[in-house]
Amino acid sequence: MMRNVLLVALAATLASPSHAQTAPAPSASGHAANALGGPAIAGVCLLSRQDVLNTSMVGKAATARLRVLTEQAKAEIDADRASLEPDVQKFNAEQAKMTDAQRQERRTALAARVKPVQDKAELREREIEATRVKVTTRLAGELETLIAQVYKQRNCGLLVDRNAILGGNLANDLTGPVVSALDAKMQTIAFDRENLAAASTSGRTAGSN
C-alpha cells in the first residue's frame, strides 16, 4: 500500500529545517505582531520562506506537478493490487475446505505475487521522495540567490524568520519582494519522477566493470 508520505505537498517541505524553519503561514501570530507595532529597526529584515514558496508561481507549479506524480504512482499500485484481489478473495472463501498442505501451498503462491506489488509500492514511495528532495534543492538554490540580492538592496544587516516573530514592526519584510523576484525569474518547473530502479541497475553495472 502506498503510504501517507506520497501525499506530502512540496510547498510545505520546501520550508523544512534544512532550508528554513517549518511553521504555519502567518495568521493570528502575524496579526498579533502587527498589532504590537513599534518603530522599525534599521537593518533588521524579515522573511517567510514558507510564504515565498507557497505563493510564488513556481512553488505552486512544483506542488501541482508533484501531486500529479504522486497520484500516478498511487494509481499504478492500486491497479496492481486490484488484479490480485479476486484471487485473494477466492482463497479466503475456499481455505476452510482445504487441507493444511493445500492451504499453505495457495498461501505461498499468493505471497509470491503480493511481494512484487509491495516492493513496487516501496520503490515508488522512495522515488517520489527523491523527486521532492531534488526539486526542493533546486528551488532552494534559486531562492537563496534572490534573497541575497533583495537583502543587499534593502540594506539589511540581519535577516529574521518572520514566522518566529512574536510581535513588533514588520515594515522590513522581504517576503513580497522575494516572491516578485522569483516570479520574474521563473514561473514554472518541469520534472518527472526519479527512476531509482534504473539508477540502481546502472550502479550495479558500473560496479561490475
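The values are calculated or read from the model by the stated rules, or taken from the named source; none is laboratory data. In this text, all values refer to a predicted model and were calculated from it rather than measured experimentally. Note that we place each Cβ from the backbone using ideal geometry, even for glycine, and neighbour counts take in every protein chain shown. Accessible surface is based on the protein model in full, side chains and every heavy atom, while ligands, DNA and RNA are left aside. Shrake-Rupley method; radii C 1.70, N 1.55, O 1.52, S 1.80 Å.
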Checklist entry - on the phi > 0 side of the Ramachandran plot, open to solvent by less than 50 Å² (accessible area, probe 1.4 Å) and either at pLDDT 90 or above or among the aromatic types (Phe, Trp, Tyr) (or both), is that true of Gly43? => result yes
Condition met for Glu129 (open to solvent by 70 Å² or more (accessible area, probe 1.4 Å), part of a helix (DSSP H, G or I), modelled with pLDDT of 95 or more and of a type outside the set (Gly, Ala, Ser)) = no
In the stretch 137-157, anything among the hydroxyl-bearing types (Ser, Thr, Tyr) and either surrounded by fewer than 16 Cβ atoms within 10 Å (Cβ to Cβ) or in contact with a His (Cβ under 7 Å, 6 or more places away or on another chain) (or both) is listed as Thr137, Thr145
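Yes/no per residue for (1) exposed (fewer than 15 other Cβ atoms within 10 Å of the Cβ); (2) among the aliphatic types (A, V, I, L, M); (3) closer than 30 Å to Arg65 by Cα; (4) out of contact with any Pro (no Cβ under 6 Å at 6 or more places or on another chain):
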| position | (1), (2), (3), (4) |
| --- | --- |
| Ser83 | yes, no, yes, yes |
| Asp87 | yes, no, no, yes |
| Lys90 | yes, no, no, yes |
| Thr99 | yes, no, no, yes |
| Arg106 | no, no, no, yes |
| Ala112 | yes, yes, no, yes |
| Lys115 | yes, no, yes, yes |
| Ala121 | no, yes, yes, yes |
